[in-house]
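Below you'll find the structure I mean.
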Amino acid sequence: MNRSSTLVLGIGNTLLTDEGVGVHVIIRLAEKHAGMPGVTFLDGGTLSFSLAGQLASHDQLIVVDAAYTGKSPGSVVCYEQEDMEKYMKGNRKSVHEVGLGDLLDMARLAGHYPGRCALIGIEPFSMEWGETLSPVVEGSVSTAMDAVLRLLNRWHKVPLNS
C-alpha cells in the first residue's frame, strides 16, 4: 500500500498562554509518537511563508491551533476540508488563521494544496502574557491529541496507539 504523508502543524505563540496550545499539542504528540510512518509533527510557531516547502512536501495537512468558535473554553473542534475553509473565511479572531489562509492560498496557486486538510481548534480561555496554558485548556490537550490521532488513523488506514 502506498501510504500518503501528513504534516501535523501546531501553530501559536507560547508566550501568550492559550494562544500557544497548538504548539504544546504538537510537542507532546512528537514526544509520544516520534517516528510514526508517513507523519511529520512540526512546531510552526506563529506561522510564516517559510512553511510553504513543508506543506508542499506532504499531501495531507492537520493544523492544531487556538480557535474562537463560540464554545466554552477548552472545547475541541475538528473542521475538515470545506468546513475548515469555511471557518477560516468566517469572523475569527486568531491572527494565525489569517496567515494559514494565506499559506494555503499560496499552496493552491503553486499546485501543492493538500489532498486532505483539517483544523483541530481549541477554544482559548486566556490570551494574556504567560508561558503556561490555563488549567481548562491544559485539560483539553489530551482531547486534541486524540482528535489528531483519530484523523491520522482514518487517513492512513493503520492502527495508531494513543
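The values are calculated or read from the model by the stated rules, or taken from the named source; none is laboratory data. This is a predicted model, so every value here is computed, not measured. Methodologically, a virtual Cβ is constructed for each residue, glycine included, from the backbone with ideal geometry; neighbour enumeration extends over all protein chains shown.
Name every residue in segment 50-92 that is among the polar types (S, T, N, Q) and either assigned to a strand (DSSP E or B) or crowded, with 20+ Cβ neighbours inside 10 Å (or both), in order of residue number.
Step one: list which residues in segment 50-92 are among the polar types (S, T, N, Q), which gives 50, 54, 57, 60, 69, 72, 75, 81, 91.
Hit for segment 50-92 is Gln60, nothing else.
Then there is this: Take segment 100-120 and flag every residue that is touching a Phe, Trp or Tyr at 6+ places or on another chain (Cβ under 7 Å), under 14 Å from Tyr79 (Cα atoms) and surrounded by 21 or more Cβ atoms within 10 Å (Cβ to Cβ).
Ala118, Leu119
Another one. Only one of (1) within 17 Å of the chain's Cα centre (by Cα); (2) within 19 Å of Gly22 (Cβ to Cβ); (3) modelled with pLDDT of 85 or more is not met by Leu51, so which one is it?
(3) is the only condition that Leu51 fails.
From the residues in segment 1-49 that are over 16 Å from Val148 (Cβ atoms) and of a type in the set (Asp, Glu), which one is surrounded by the most Cβ atoms within 10 Å (Cβ to Cβ)?
Of everything passing the filter in segment 1-49, Asp18 is surrounded by the most Cβ atoms within 10 Å (Cβ to Cβ).
Within segment 1-30, track down each residue that is among the hydroxyl-bearing types (Ser, Thr, Tyr) and in a helix (DSSP H, G or I).
Narrowing segment 1-30 to residues among the hydroxyl-bearing types (Ser, Thr, Tyr): 4-6, 14, 17.
Of everything in segment 1-30, just one residue is among the hydroxyl-bearing types (Ser, Thr, Tyr) and in a helix (DSSP H, G or I), namely Thr17.
Would you mind finding the one in Gly139, Gly130, Gly121 that is under 26 Å from Ala34 (Cα atoms), out of contact with any strand residue (DSSP E or B) (no Cβ under 6 Å at 6 or more places or on another chain) and either modelled with pLDDT of 85 or more or of a type in the set (Lys, Arg) (or both)?
Details: Gly130 fails: under 26 Å from Ala34 (Cα atoms); Gly121 fails: out of contact with any strand residue (DSSP E or B) (no Cβ under 6 Å at 6 or more places or on another chain).
From the options Gly139, Gly130, Gly121, the qualifying one is Gly139.
Separate question: Mind checking which pairs have a first residue in segment 87-104 that is more than 19 Å from Gly45 (Cα to Cα) and at pLDDT 75 or above and a second that is among the acidic types (Asp, Glu) and surrounded by 13 or more Cβ atoms within 10 Å (Cβ to Cβ), Cβ under 9 Å, 6 or more apart or different chains?
That search, which allows pairs on different chains as well, returns Tyr87/Glu97.
Could you please find all residues in segment 54-70 being β-branched (Val, Ile, Thr) and over 12 Å from the mean Cα position of the chain (by Cα)?
If we filter segment 54-70 for residues that are β-branched (Val, Ile, Thr), which is where we start, we get 62-64, 69.
Matches in segment 54-70: Thr69 only.
Follow-up question, since we're still on this one. Name the residues in segment 22-35 that are at pLDDT below 90 and either within 24 Å of Glu138 (Cα to Cα) or among the hydrophobic types (A, V, I, L, M, F, W, C) (or both), would you? Can you show your working first?
Looking only at segment 22-35, we keep the residues that are at pLDDT below 90, and these are 34-35.
Answer for segment 22-35, where residues must be at pLDDT below 90 and either within 24 Å of Glu138 (Cα to Cα) or among the hydrophobic types (A, V, I, L, M, F, W, C) (or both): just Ala34.
Now, a different point. Test Phe49 against the criterion of being closer than 21 Å to Val141 by Cβ and aromatic (Phe, Trp, Tyr), and give yes or no. Walk me through how you get there before you give the answer.
Values: closer than 21 Å to Val141 by Cβ: no; aromatic (Phe, Trp, Tyr): yes.
So Phe49 does not fit the description; no.
Counting only residues that are under 17 Å from Glu80 (Cβ atoms) and surrounded by fewer than 20 Cβ atoms within 10 Å (Cβ to Cβ), how many does segment 121-142 have? Outline the logic, then answer.
Narrowing segment 121-142 to residues under 17 Å from Glu80 (Cβ atoms): 121-122.
After this cut, where a residue has to be surrounded by fewer than 20 Cβ atoms within 10 Å (Cβ to Cβ) as well, the list is none.
Of the residues in segment 121-142, 0 are under 17 Å from Glu80 (Cβ atoms) and surrounded by fewer than 20 Cβ atoms within 10 Å (Cβ to Cβ).
Exactly one condition in (1) surrounded by 15 or more Cβ atoms within 10 Å (Cβ to Cβ); (2) closer than 27 Å to Gln54 by Cα is false for Arg150; which is it?
(1)
Now, a different point. Answer yes if at least one residue in segment 135-142 is part of a loop (DSSP other than H, G, I, E, B), in contact with a helix residue (DSSP H, G or I) (Cβ under 9 Å, 6 or more places away or on another chain) and not small (Gly, Ala, Ser), and no otherwise.
We begin by selecting, within segment 135-142, every residue part of a loop (DSSP other than H, G, I, E, B); these are 139-140.
From the residues that got through so far, the ones that are in contact with a helix residue (DSSP H, G or I) (Cβ under 9 Å, 6 or more places away or on another chain) too are 140.
With the extra rule that they be not small (Gly, Ala, Ser), the set shrinks to none.
Within segment 135-142, not a single residue is part of a loop (DSSP other than H, G, I, E, B), in contact with a helix residue (DSSP H, G or I) (Cβ under 9 Å, 6 or more places away or on another chain) and not small (Gly, Ala, Ser).
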